[in-house]
Amino acid sequence: MDYLSTRDSTLKVKASEAIVAGLAPGGGLFVPADELDRLKLSDLPANCYQALAAKVLEPLLSGFSPVQIKVAVNSAYGAHSFDHQLITPLKKLQKGEHVLELWHGPTAAFKDLALQLLPHLLKTALKVSGFDKEMVILTATSGDTGKAALEGFRDVPGFKILVFYPDKGVSEIQKLQMVTQEGENVAVAAVKGNFDDTQRIVKELFSDENLAQDLARKGYQLSSANSINWGRLAPQIVFYFQAWLSLLEKKEIAPGEKVNFVVPTGNFGNILAGFYARRLGLPVRKLICASNENNVLYDFIRTGVYNSNRALNLTLSPSMDILVSSNLERLLYELSGADPEKISSWMSELQEKGLYRVDQNTLEEINRLFYAGYAGDEKTLFTINKVYRDFNYLIDTHTAVAKAVLDQYRQETKDLTPAVILSTASPFKFAGSVMQALGGSSAVKDKTELEIFNELATLTRINPPKNLEHLGLREIKFKQVIAPTEARHHLLKTLHLA
Ligand SMILES: *Cc1c(COP(=O)(O)O)cnc(C)c1O
């Protein structure tokens, strides 16, 4: 399969080129150039994630040989990085309701599924293209992405990675995860300010042409590995198949039976992978898009108006605190007749006015397949508590948003199609909120997040992910807090160029 830009159909590239480029020239996103061939479900292995990943990804990854893909997935999804043999195990809550645990990787959040594989794909693609520089991955993070990228790129030959995080704006556990990062090619710095400040300085570094030339002379090139890269989207398609195959294997569904997926959504990457899984032949009835109080997507799916002109709420599910869901552009392209001019005009309206309205046909197409709901913080806490009491099962705040929306969906539509809730983070990663849900505000008052973490393990008798244990005892390697104006200098210093 080759790839086109959502904003320019004259350009056609191989997957390997799309992954190296990230964004298409002119600002579009790469999408499959032709209709996807449906995979034969009975040919797919249910009990070997690596073999399944190779089968699903092979037709999508042009420019890579089957052997290269196998090597990459075996390196990415092994026992050294995932603490469950099935990689993404499926747990049954009750009849017709299942949870897909996407947090058994090194950072205990679902971004590992993509960021463990992407570095291997990128490394291979660069080698094939004869690229002779060292790639410097530069990332701004509000928490989960930075750590997942650090773990993915650590000690991968040909790469260095520098992560900036806002000194105010990540949780204590997320911060500890990053500042204790191991690896020879990694660096982390706090930036004075909030996430917007941090993101802005990274964008400035990327658009600084002098810097790019300077770095090129010294043998370096910047790259971002961010979530619009096709190399991050494609790996997420695999676990939708894995979930369905597990249901079949456990006789929870019949061959060919359709399933609903409920996805806690921020940038629209994860749920879009579900859309492509369906195009590849996975029997999906509805994709249920779950938002928190930042419910831009809910409004959009109900009305056809995407309106980002509103204040960002900081919620208990911070990885979904997003007003512009970049990956939605791909869905619009796929469901509005693959017309680059339409997409370009909507995206420039978004840029200029902060909003756009899609045509009636596109809206109907979206509604045929997607349902949208949202849940605020109070509902989120209530849901964590209820799921724990009803099923003796602990979920994090993001997963709780999805569960709350599934309950709404079933009440509203009476559709009891077997449902899979995508669980995107370990409850221990958001221990403070989870403990508050179980024990009320008094259970967390005047306690550090690490204390709460330990108490949550004791109270529930659930073992926290190994990678999150003893965070407080690990050596702190990155203490530096820089002003936004020092970012360029800090980058050069990290590369020993200043
Ligand atoms: C990134 C993230 C999400 C949102 O995923 P998108 O692909 O951005 O929609 C949800 N939950 C957690 C825990 C995340 O880290």
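Scoring residue 141 on the criteria (1) away from the ligand (no atom under 13 Å from the Cβ); (2) touching a strand residue (DSSP E or B) at 6+ places or on another chain (Cβ under 8 Å) leaves a single failure, condition (1).
The one condition from (1) under 19 Å from residue 109 (Cβ atoms); (2) out of contact with any Asp or Glu (no Cβ under 8 Å at 6 or more places or on another chain); (3) modelled with pLDDT of 95 or more that residue 183 does not meet is (2).
Scanning segment 196-236 for residues that are outside any helix (DSSP H, G or I), within 22 Å of the chain's Cα centre (by Cα) and away from the ligand (no atom under 16 Å from the Cβ) returns 222, 223. For segment 80-136, the candidate set comprises residues that are among the polar types (S, T, N, Q) and under 14 Å from the mean Cα position of the chain (by Cα); within that set, the residue that is farthest from residue 61 (Cα to Cα) is 107. Take the conditions crowded, with 16+ Cβ neighbours inside 10 Å and either without any contact (Cβ under 8 Å) to a residue 24 or more places away in the chain or part of a helix (DSSP H, G or I) (or both) and apply them to residue 348. Does it pass? Judged against the criteria, residue 348 is not a match. Yes or no: residue 374 surrounded by fewer than 22 Cβ atoms within 10 Å (Cβ to Cβ) and within 30 Å of residue 283 (Cα to Cα)? Spelling it out, it is not the case that residue 374 is surrounded by fewer than 22 Cβ atoms within 10 Å (Cβ to Cβ) and within 30 Å of residue 283 (Cα to Cα).
Taking every residue in segment 380-401 that is small (Gly, Ala, Ser) and pairing it with any residue that is in a helix (DSSP H, G or I), at least 6 positions away or on another chain, the pairs with Cβ-Cβ distances below 6 Å are 400/380; 400/383; 400/384. For segment 100-112, the criterion of being in a helix (DSSP H, G or I), at pLDDT 95 or above, within 25 Å of residue 172 (Cβ to Cβ) and not basic (Lys, Arg) is met by at least one residue. Among the residues making up segment 245-269, those that are over 12 Å from residue 297 (Cβ atoms) and either in a strand (DSSP E or B) or within 8 Å of the ligand (Cβ to nearest atom) (or both) are 259, 260, 261, 262, 269. When residues of segment 276-309 are filtered for being outside any helix (DSSP H, G or I) and of a type in the set (Ser, Thr, Tyr), how many remain? Result for segment 276-309: 3.
For segment 365-413, enumerate the residues that are under 22 Å from residue 465 (Cα atoms) and among the aromatic types (Phe, Trp, Tyr). Residues satisfying the conditions are 388, 391, 393.
The condition of being assigned to a helix (DSSP H, G or I), within 16 Å of the ligand (Cβ to nearest atom) and without any contact (Cβ under 8 Å) to a residue 60 or more places away in the chain holds for only one of 272, 312, 331, that being 272.
Restricting attention to segment 394-431, and to residues there that are assigned to a helix (DSSP H, G or I) and of a type in the set (Lys, Arg), which single residue is surrounded by the most Cβ atoms within 10 Å (Cβ to Cβ)? Show your work before the answer.
So in segment 394-431, the residues assigned to a helix (DSSP H, G or I) come out as 397-413, 427-431.
Subset that is of a type in the set (Lys, Arg): 403, 410, 429.
Numbers: 403: 26, 410: 17, 429: 28.
Filtering segment 394-431 for residues that are assigned to a helix (DSSP H, G or I) and of a type in the set (Lys, Arg), the one surrounded by the most Cβ atoms within 10 Å (Cβ to Cβ) comes out as 429.
Looking at 212, 149, 190, 234, just one residue is in contact with a Phe, Trp or Tyr (Cβ under 9 Å, 6 or more places away or on another chain), small (Gly, Ala, Ser) and surrounded by 23 or more Cβ atoms within 10 Å (Cβ to Cβ), and that residue is 234. For segment 460-476, the condition of being surrounded by fewer than 20 Cβ atoms within 10 Å (Cβ to Cβ) and of a type in the set (Ser, Thr, Tyr) holds for at least one residue.
Scanning segment 160-174 for residues that are crowded, with 21+ Cβ neighbours inside 10 Å and more than 17 Å from residue 205 (Cβ to Cβ) yields 169, 170, 173, 174.
Take the conditions (1) in contact with a Lys or Arg (Cβ under 9 Å, 6 or more places away or on another chain); (2) over 30 Å from residue 79 (Cβ atoms); residue 414 misses just one of them, which is (1).
For beta carbons closer than 7 Å, sequence separation of 6+ or different chains, a first residue in segment 70-95 that is closer than 16 Å to residue 467 by Cα and a second that is exposed (fewer than 15 other Cβ atoms within 10 Å of the Cβ), the qualifying pairs are 83/466. Just give me the residues in segment 219-245 being more than 13 Å from residue 272 (Cα to Cα) and among the aliphatic types (A, V, I, L, M), in sequence order. Of everything in segment 219-245, those that are more than 13 Å from residue 272 (Cα to Cα) and among the aliphatic types (A, V, I, L, M) turn out to be 222, 225, 243, 245.
The values are calculated or read from the model by the stated rules, or taken from the named source; none is laboratory data. Keep in mind that what you see is a predicted model, and the values were worked out from it rather than measured. Note that each Cβ is placed from the backbone with ideal geometry, even for glycine, and that neighbours are counted across all protein chains shown.
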